[in-house]
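A.B. asks: The structure that follows is given in the form of structure tokens.
The values are calculated or read from the model by the stated rules, or taken from the named source; none is laboratory data. Note that the structure is predicted; figures quoted are calculated from it, not measured. Here the Cβ positions follow ideal geometry from the backbone for every residue, glycine too, while neighbour counts run over all protein chains shown.
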Amino acid sequence: MKIVLQNLTKAFPSRNKKSNEEVIAVNNFNFEIPDGKLIGLLGPSGCGKSTTLYMISGLQKPTSGRIFFGDDDVTELSTENRGIGLVFQNYALYPHMTVKQNIMFPLQNLKGEDKLTKEQMLERAYQAAKLVQIEQLLDRKPSELSGGQQQRVAIARALVKMPRVLLLDEPLSNLDARLRLQTREEIRRIQQETKITTVFVTHDQEEAMSISDMIVVMKAGIVQQIGKPQDVYDDPANLFVAKFLGTPPINVFDGQVKDGKLYIGSDEVLEFSGVADQAVTVGIRPEGFVLSENGALKCKPVNVEVMGRDVSVVATHDASQNPFVRSIIDADNKVDTGSEYVRYNIKPHKIFIFNKETEERIYFEVK
Amino acid sequence: MKKLISMLLVLMMVLSCASALADLTTDGYDGSAVTITFYHIINKDNQLEVLNNAIAEFNKEYPNITVNAENAGSYNDILKRISEEINGGNQPNITFCYADHVAEYNKAGAVQTLDELINNPVVGLSDEQKADFVEGYYNEGMSFGDGLMYTLPFYKSTEVLYYDATFFAANGLTVPTTWDEVEEVCAKIKEIDPKSIPLGYDSEGNWFITMTEQYGSDYTSATEPHYLFDNDTNKAFVKKFNEWYQKGYVTTAGLYGAYTSGLFTSTDETRCYMCIGSSAGATYQRPKKGDDGNYPFEVGIATIPQVDPANRKVISQGPSVCIFKKSNPQEVLASWLFVKYLTTNTDFQANFGMQSGYMPAIKSVLNNADFQAYLAKADGGDNIAMLSMKVGMDQTDAYYTSPVFEGSSVARNQVTALMTKCLGLTENVDAEIDAAFQDAIDECEYAN
Amino acid sequence: MSQKSIDIMHARDLRKTTLKQNIFKVLGLGGVYLFLFIMALIVLFPFYWMLISSVKSLTEYRAQVPTLWPRIIMLGNYVEAFTAANLGRLFLNTLYVGLVSTLLSLFITIITTFAFARLEFKGKNLLFGALLATMMIPGELFTITNYITVSDFGWINTYTVLIVPFLVSVFYIYLLRQNFMQIPSELYLAAKVDGTSDWKYLWKVMVPLALPTLISITILKMMGSWNSYIWPRLVANDEAHRLVTNGLRNAFTDTSGDVNYPVQMAAVALVSAPLFLVFVFLRKYIMAGVSRSGIKG
Amino acid sequence: MVESKQQWKAWIYLAPAIVLLLIFTVWPIINTVRMALLENYSGLKAAGGATFNFGIGNFEKVITYRRFVQCMKNTVLLCVFTVPISTLLALLIAVALHSIKPLQKALQTIFFLPYVTNSIAIGMVFAAMFNIVGSFFGTENELIVTAGIINNVIEFFGGKAVNWINYGSTYTANMFVMIVYIVWNALPFKILILLGGLTGINKQYYEAAKVDSTPRARVLWRITVPLLSPMLAYVIITGFIGGFKEYTSIVGIFGERMGPASDSGRMNTMVGFIYDSLSNNNQGRASAAALILFGIILIVTLINLQVSKKRVHY
């Protein structure tokens, strides 16, 4: 069941009475979520990702634009009739019901030809519990479960009525680090098994990139870029997307293009064609640095952080917009921090140029 | 511990009265500064004005007696409040009361007997003053079964028969003086105006008790056994009036759901042509002025029908006043002087009568010029109050008083309920009447 | 669960559900408003009747056929109600008694509830249970004995007798205790650690946190003292101390005992008006207070 | 924490309340038990120095009173009907109020009005609404001058006028009027508490219910009511306690007669019985009746507490 969002917009009247202009939470969102895919809505808090999710669920009414499930226009359809499953950030499990009752509750509401007998309901609930591996907790009350367990009950409840679409609102934010990794794998596994079109919202870019088939990066209600995680990482549409993805974050420099050459400060780092002379902003992925004696880029080393398989060299550079330049290089080449400079060459596909004002990406071909 | 204090307090009070008693019979008020509290139910400005003038007048003669007159609510409020106050030993000096109230207060022996004060040479009542009281009202003070005098009458009302004089004259009907004549008149009225209810009698209790007096049958007695109203004579007249009700001749406030004076003065098609109600409520028995500025019919007033016109019996109601025993004899004497002043002062009684429409307690009001002028104006329209006063005063010889004892108020409530219930009975009336009488007796027996 | 079975289930005709859903929604909303309006009408009708009765003349009030709208409007009834029952003085009395008793009672409720909610002592639950049990005892039981006690103390016809006997109100202790219990004990322990005394903690931390409940208690307590009737009439019925509700009761029975209902209704309206205004303006606080305290139950 | 120091301090905080309770609550209870055990005790007679002997005469007198069972029946019937009805209505009104935005404030104020007015005055209004002015009900020359507003409304909708509270009215009609009046009076407080409870419930449970496409009625019974159950239990328990003490409402409608003209005292309640004894200054009998009533209320409340322990979630 694919989901189509057609120039979806949502504006809230601003909270303080005095100024009457509106706050645009989501601005002209166009996207077609392919059937059976796991989509990550990604962006800093307040960028409209949750609002979008709730508009898909029907709990929020869009100010304008349409939403289609398959080729049904569900914009006017209320949540009850959209056949969606939603997992809330803090689970919203009914405190007075046991886990089993919580999971079975949606089934009891099925009407008409979907009506199930008691046994069928029990069977379906048990299946859902097995799917999320909490079949041994069925008779417990939510207050007796850990965060992770409650999370899984919420997912089971969302899945049990076999919704057309599964929506998750920051599912991992309330979990501790170790549980977060384990649960995100679970979500991926469950989604693969059930093949349900799933949209989940997160502000953690690593989480989004690790399990999504496609990610949507948003900022202040406006979609920055949509694509496969790797593509968006390797081919950011603008500086914001570049900066937002990747840990450690991308290094940003003030650069200058003069007749086919890119200078960072005084260092000439790249030759390419098809770019007019102009001041630019340059982004270099940490893994884009190659250590070499006469490398183009000269930085003053500060220290080296050992991370096991690779090493992260922390240095400074006058043209850098961030306090430090952080590179990740293979652990077995030695770096002595004592020397005055550390010099790098830059892998061409790991360096991006952005227009100074618009911060839009400038493409080039390396000679 | 607390219980002990209040017991001591009351004991001390009773003791001191005994010693004071001696003085009360002989000594007068020594003029010392005294404050006396007086509970009453007067709340109309014109009547309060008369009272306050009287107090001012009284203070001219006795400057050291300060009188706090206080409107303490309805009679029921006063009874409840004083019953509690006696427990705490701070009841007022003088209060408005019904005879039944005094019976309650006397459970604690709190009411001062008046005989000593009346015969006290210095402050007592002179023979003329004693004779001036309307005999029926005066005797009410001695109806407590022990021959002692506990109350003096303050102002009184009675029941009178209001009738539509214009209608009676137009149809050549004579005003009934006996209950048989009432039946005949009702039948005639029913023929003339089938939609009407010829007679309205507001208070079922008054009707029952008055009938027992008129038939001379038993109602209650001050000595054991108290409740005697369950007898054949009473059952007979209740049955007769039940038949009248079924024939549509009569209705009462309880059965009608509102005061029957509303029926008597109403101008739509269902109305009464006769209404027996309180003489003080005369203004309510007068129909509203028509658009042409005068009354749709003239109201006549007569004494209520009798079983035997020669031996007339009519109820007398309205407040009396009693004085409470106090540790300081001067307070009692001062209270007596004030009570004596209010009840025997012709001008005060006359003025208050004129303002309230209630009948003064003394006959000498007739010598008061304003009162004479007041009575002279009596007519069936604007001055209906004067007419009811005149009729009331003509029947002073007919007043009766019911015996008073601990629980006599319960009897009155029960016979009211009894009469109301029986009038409306439709199936197996005799059996139901017997049951109702038995019920009422049980209820009275239980209350004590 | 194959993908196909999911699609079949959702293949229903979309338009029909949207239409049905919208009608159902409109019907639902309409039903709610209809229900609320009918109930509001039922609640309002006696007031409507009271108000129009208060401006009717006595004869019209006593007229056989009740008129739905008074023929002649007698605003004089309100003037008479105000003067006859001397409501001005009664309002002042009631306000004074209400304010003083509410403040004192609030103080006692706070310190008592603090003990029940925060401090540990032997027999705590037993005492609280006994306290709740007193709510079950019919008030008349107390009136008989308390009258003798207050008259022994010589308090009759004073403001004290109207204030002191009711300073401990169990219901408000119960309400406040619920609220105090929700303040996390860590706060108390933390306060203890940095040396704040119980007293300071109570007034600096607990009271501010429970402010909404305290405000609604104050308002409800004021309303309660405004409506009290039996006790004031018994113990302080003289002109100087009489309260509003007593003024109501007997101010209009004339000598023949027949109550002038319209003026009585006018007096009732006058007495209810301040309470009504208090509720209209402080509605938010009353609601907040009660909801904040009641969640745990 | 030094345990003993804490103990002592707690009693300091409780001191003012304890002193006041001793004087104005504990002593009256003891005194009531004392008066109940003094046969035919009367305050006035005691003030006059009379003495009474101990015994359970008062209790016997109360139990053997012809109408004792009638008073009990009236009290219990009133409770059994008014508490559930007013609680259910209050719940529905609170939920309805909670679910709408426009007019919510205005309607909330209207529903709170009864709490603000003097119950005696409203009693008079109710009496006027149900009172029939006329005579000979049920006989062939039945005459109705005005059947009261309620009957006018009934007739308007084609029904037949009913004799609610007047001469010859049936017990059920009297009960109906009393139940309407008591429910009408009990609603505001209950709505206030339940509405308070509703605002305390986390919104997301309702969003979750929407996602589970739960119909409106099921949301009410399977989610709102369980989550409100602590408040509901509280409202029901206090409802019963208040219900058992019903008296002023009967005086409001029937006046001191406590029943229709054809059967005075038929609608009297336990507290009414206590007042009757008090008005005859039979404090002994009144105290005995009060203790009996207290015993009954205690039992009913304990039962309620047990029931609610099982049924209250959360």
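A.B. asks: For region B:231-258, which positions are buried (at least 23 other Cβ atoms within 10 Å of the Cβ) and over 20 Å from residue B:176 (Cβ atoms)?
C.D. replies: B:234, B:254, B:255, B:256, B:257
A.B. asks: Follow-up question, since we're still on this one. If you scan region D:75-133, which residues turn out to be in contact (Cβ under 8 Å) with a residue 12 or more places away in the chain and not in a helix (DSSP H, G or I)?
C.D. replies: The answer is D:131, D:132, D:133.
A.B. asks: Continuing with this model, one more query. Under the condition of being closer than 22 Å to residue D:302 by Cα and more than 21 Å from the chain's Cα centre (by Cα), which residue from region D:226-242 is farthest from the other protein chains (Cβ to nearest Cβ)? Lay out the reasoning, then the answer.
C.D. replies: Going residue by residue through region D:226-242, those that are closer than 22 Å to residue D:302 by Cα are D:226, D:228-242.
The next check asks that each one be more than 21 Å from the chain's Cα centre (by Cα); those that pass are D:226, D:228.
Values: D:226: 4, D:228: 9 Å.
Here the residue is D:228.
So that you can scan it fast, the table gives a plain yes or no per residue for (1) of a type in the set (Gly, Ala, Ser); (2) touching a residue at least 60 places away in the same chain (Cβ under 8 Å):
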residue: A:331; (1), (2): yes, no
residue: A:334; (1), (2): no, no
residue: A:342; (1), (2): no, no
residue: A:357; (1), (2): no, no
residue: A:361; (1), (2): no, yes
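A.B. asks: Given A:59, A:107, A:77, which one is over 30 Å from residue A:10 (Cα atoms) and modelled with pLDDT under 90?
C.D. replies: A:107
A.B. asks: Listed residues B:436, B:417; which is within 11 Å of another protein chain (Cβ to nearest Cβ), buried (at least 20 other Cβ atoms within 10 Å of the Cβ), in contact with a Ser or Thr (Cβ under 6 Å, 6 or more places away or on another chain) and over 30 Å from residue B:374 (Cβ atoms)? I'd like the intermediate steps shown before the answer.
C.D. replies: Working: B:436 fails: in contact with a Ser or Thr (Cβ under 6 Å, 6 or more places away or on another chain).
Among B:436, B:417, only B:417 is within 11 Å of another protein chain (Cβ to nearest Cβ), buried (at least 20 other Cβ atoms within 10 Å of the Cβ), in contact with a Ser or Thr (Cβ under 6 Å, 6 or more places away or on another chain) and over 30 Å from residue B:374 (Cβ atoms).
A.B. asks: Still on this structure, I have one more. Looking at the structure I just gave you, is residue B:105 in contact (Cβ under 8 Å) with a residue 12 or more places away in the chain, closer than 22 Å to residue B:338 by Cα and touching a Gly at 6+ places or on another chain (Cβ under 9 Å)?
C.D. replies: Details: in contact (Cβ under 8 Å) with a residue 12 or more places away in the chain: yes; closer than 22 Å to residue B:338 by Cα: yes; touching a Gly at 6+ places or on another chain (Cβ under 9 Å): no.
Criteria not met by residue B:105.
A.B. asks: Keeping to region D:256-307, report how many residues are assigned to a helix (DSSP H, G or I), in contact with a helix residue (DSSP H, G or I) (Cβ under 8 Å, 6 or more places away or on another chain) and small (Gly, Ala, Ser).
C.D. replies: 9
A.B. asks: Out of the residues in region A:193-205 meeting the condition of being in a helix (DSSP H, G or I) and surrounded by 14 or more Cβ atoms within 10 Å (Cβ to Cβ), tell me which one is farthest from the chain's Cα centre (by Cα). Working first, answer last.
C.D. replies: Applying the first criterion (in a helix (DSSP H, G or I)) to region A:193-205 yields A:193-194, A:205.
Going one step further and asking which of them are surrounded by 14 or more Cβ atoms within 10 Å (Cβ to Cβ), we end up with A:194, A:205.
Values: A:194: 21, A:205: 5 Å.
That would be A:194.
A.B. asks: So which of B:180, B:146, B:193 ends up being among the acidic types (Asp, Glu), at pLDDT 90 or above and surrounded by fewer than 18 Cβ atoms within 10 Å (Cβ to Cβ)? Reasoning before the result, please.
C.D. replies: Details: B:146 fails: at pLDDT 90 or above; B:193 fails: at pLDDT 90 or above.
Result: B:180 is the single residue among B:180, B:146, B:193 that is among the acidic types (Asp, Glu), at pLDDT 90 or above and surrounded by fewer than 18 Cβ atoms within 10 Å (Cβ to Cβ).
A.B. asks: Here is a further query. Looking at (1) more than 30 Å from residue A:168 (Cα to Cα); (2) crowded, with 21+ Cβ neighbours inside 10 Å; (3) in contact with an Asp or Glu (Cβ under 9 Å, 6 or more places away or on another chain); (4) of a type outside the set (Lys, Arg), which is the one condition that is false for residue D:235?
C.D. replies: With respect to (1) more than 30 Å from residue A:168 (Cα to Cα); (2) crowded, with 21+ Cβ neighbours inside 10 Å; (3) in contact with an Asp or Glu (Cβ under 9 Å, 6 or more places away or on another chain); (4) of a type outside the set (Lys, Arg), residue D:235 is out only on (3).
A.B. asks: Given the conditions (1) touching a residue at least 24 places away in the same chain (Cβ under 8 Å); (2) assigned to a helix (DSSP H, G or I), report the number of the one that residue B:121 does not fulfil.
C.D. replies: Answer for residue B:121: the failing condition is (2).
A.B. asks: List every residue pair whose Cβ atoms sit under 9 Å apart, with the two residues 6 or more apart in sequence or on different chains, where the first one lies in region D:46-66 and is closer than 16 Å to residue D:288 by Cβ and the second, anywhere, is at pLDDT 85 or above and loosely packed, with under 12 Cβ neighbours inside 10 Å.
C.D. replies: Matching pairs, first to second residue: none at all.
A.B. asks: Taking the stated definitions as given, is residue D:281 over 22 Å from residue C:134 (Cβ atoms), surrounded by 22 or more Cβ atoms within 10 Å (Cβ to Cβ) and either modelled with pLDDT under 85 or at the interface with chain C (Cβ under 10 Å from one of its Cβ atoms) (or both)?
C.D. replies: yes
A.B. asks: Can you say whether residue B:102 is in a helix (DSSP H, G or I), within 27 Å of residue B:356 (Cα to Cα) and within 14 Å of another protein chain (Cβ to nearest Cβ), as far as the supplied structure shows? Spell out the reasoning first.
C.D. replies: Details: in a helix (DSSP H, G or I): yes; within 27 Å of residue B:356 (Cα to Cα): yes; within 14 Å of another protein chain (Cβ to nearest Cβ): yes.
Judged against the criteria, residue B:102 is a match.
A.B. asks: Just to be sure I understand, how many residues within region D:180-213 are within 13 Å of chain C (Cβ to nearest Cβ) and either free of Cβ contacts under 8 Å to residues at least 12 places away in the same chain or closer than 29 Å to residue D:246 by Cα (or both)?
C.D. replies: The number of residues fulfilling the criteria is 22.
A.B. asks: Still on this model: Condition test on residue B:332, is it under 18 Å from residue B:33 (Cα atoms) and either touching a Lys or Arg at 6+ places or on another chain (Cβ under 6 Å) or among the hydroxyl-bearing types (Ser, Thr, Tyr) (or both)?
C.D. replies: Working: under 18 Å from residue B:33 (Cα atoms): yes; either touching a Lys or Arg at 6+ places or on another chain (Cβ under 6 Å) or among the hydroxyl-bearing types (Ser, Thr, Tyr) (or both): yes.
The answer is yes for residue B:332.
A.B. asks: So the check is Cβ under 8 Å with 6+ separation or different chains; which pairs have a first residue in region D:256-274 that's at the interface with another protein chain (Cβ under 8 Å from one of its Cβ atoms) and closer than 16 Å to residue B:204 by Cα and a second one that's assigned to a helix (DSSP H, G or I) and of a type in the set (D, E, K, R)?
C.D. replies: D:261/B:421; D:262/B:421; D:263/B:421; D:264/B:421; D:264/D:257
A.B. asks: Now, a different point. Please work out which one of (1) modelled with pLDDT under 85; (2) within 10 Å of another protein chain (Cβ to nearest Cβ); (3) in a helix (DSSP H, G or I) is the condition residue D:310 fails and give its number.
C.D. replies: It is condition (2) that residue D:310 fails.
A.B. asks: Which of the residues spanning region B:157-179 are in contact with a Pro (Cβ under 9 Å, 6 or more places away or on another chain) and assigned to a helix (DSSP H, G or I)?
C.D. replies: B:166, B:179, listed by residue number.
A.B. asks: Next question, about the same structure. Check region C:175-186 and report whether any residue there is surrounded by 20 or more Cβ atoms within 10 Å (Cβ to Cβ), away from chain B (no Cβ under 14 Å), under 26 Å from the mean Cα position of the chain (by Cα) and not in a helix (DSSP H, G or I).
C.D. replies: no
A.B. asks: Kindly establish whether residue D:54 is over 21 Å from residue D:279 (Cα atoms) and at pLDDT 85 or above.
C.D. replies: On the way: over 21 Å from residue D:279 (Cα atoms): yes; at pLDDT 85 or above: yes.
In short, yes.
A.B. asks: Additional query: For the subset of region D:198-216 comprising residues that are assigned to a loop (DSSP other than H, G, I, E, B) and of a type outside the set (Asp, Glu), which member is nearest to residue A:81 (Cα to Cα)? Lay out the reasoning, then the answer.
C.D. replies: Within region D:198-216, the first condition is being assigned to a loop (DSSP other than H, G, I, E, B), and the residues that meet it are D:201-202, D:212-215.
Those left that are additionally of a type outside the set (Asp, Glu): D:201-202, D:213-215.
Numbers: D:201: 24, D:202: 23, D:213: 7, D:214: 10, D:215: 11 Å.
The qualifying residue nearest to residue A:81 (Cα to Cα) is D:213.
A.B. asks: Hey, which of the strands (runs of 3 or more DSSP E) in region A:1-119, taking only ones fully inside, have at least 1 residues that are more than 14 Å from chain D (Cβ to nearest Cβ) and crowded, with 21+ Cβ neighbours inside 10 Å?
C.D. replies: Working: elements: A:3-13, A:22-33, A:38-42, A:64-69, A:84-87.
Per the criteria, A:3-13, A:22-33, A:38-42, A:64-69.
A.B. asks: Could you list all residues from region C:167-221 that are more than 29 Å from residue C:133 (Cβ to Cβ) and among the polar types (S, T, N, Q)?
C.D. replies: C:196, C:197
A.B. asks: Does any residue of region C:101-113 turn out to be more than 14 Å from every other protein chain (Cβ to nearest Cβ) and over 21 Å from residue C:200 (Cβ atoms)?
C.D. replies: Taking region C:101-113 and keeping what is more than 14 Å from every other protein chain (Cβ to nearest Cβ), we get C:102.
Checking which are over 21 Å from residue C:200 (Cβ atoms) leaves us with C:102.
Yes, because at least one residue in region C:101-113 is more than 14 Å from every other protein chain (Cβ to nearest Cβ) and over 21 Å from residue C:200 (Cβ atoms).
A.B. asks: Does any residue in region B:411-432 that is under 14 Å from residue B:234 (Cα atoms) come within less than 8 Å, Cβ to Cβ, of a residue that is in a helix (DSSP H, G or I) and of a type in the set (Ser, Thr, Tyr) six or more places away or on a different chain, and which pairs are these?
C.D. replies: Note: pairs meeting the criteria are B:423/B:245.
A.B. asks: A further question on this structure: In this structure, is residue C:129 within 13 Å of another protein chain (Cβ to nearest Cβ) and at positive phi? Lay out the reasoning, then the answer.
C.D. replies: Details: within 13 Å of another protein chain (Cβ to nearest Cβ): yes; at positive phi: no.
Judged against the criteria, residue C:129 is not a match.
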